[in-house]
Structures are given as structure tokens and as C-alpha cells.
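Just so it is clear, none of the values below were taken in a lab; they were calculated from the coordinates. Keep in mind that this is a model prediction, so the values were computed, not measured. Counting neighbours? That spans all protein chains shown, and the Cβs are built from the backbone with ideal geometry, glycine included.
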Amino acid sequence: MSAGASSLRSPDLSTRVGPLRLQNPILTASGTFGYGLEFAERADLHRLGGLVT
């Protein structure tokens, strides 16, 4: 790995929706994701910005 590649960082994707701060803008679609527990084995729920129910 070159010296330049070792200094790469993930971009800051945080965003605000009104007073709510989200870690990233990735949200589930209401009605297709349940309460998230059904997908816990397939997706890391902590990486989502939020769950829409």
C-alpha cells in the first residue's frame, strides 16, 4: 500500500433531518423492513442511518 492510500478515511455522511442527526442518510423503506429484527442476520443494523416504520 502506498503512503497516500494509508491516509484515506471514510467520508462523513452524517446529515440532519430537522433536529435529528443521522450518522448517514441510509434509511429503510416503511413497510418493507418491518422493525429491522427480521433482517438482523442479513444486515448490520448499526450501519443504517435509521429505520422508517
Quick calc of log₁₀ I(q)/I(0), the chain, Debye, one scatterer on every Cα, no solvent, q values 0.14, 0.19, 0.25, 0.27 1/Å, result -0.51, -0.73, -0.97, -1.05
Descending packing, highest mean Cβ count within 10 Å first, for 28-40, 10-22 is 28-40, 10-22
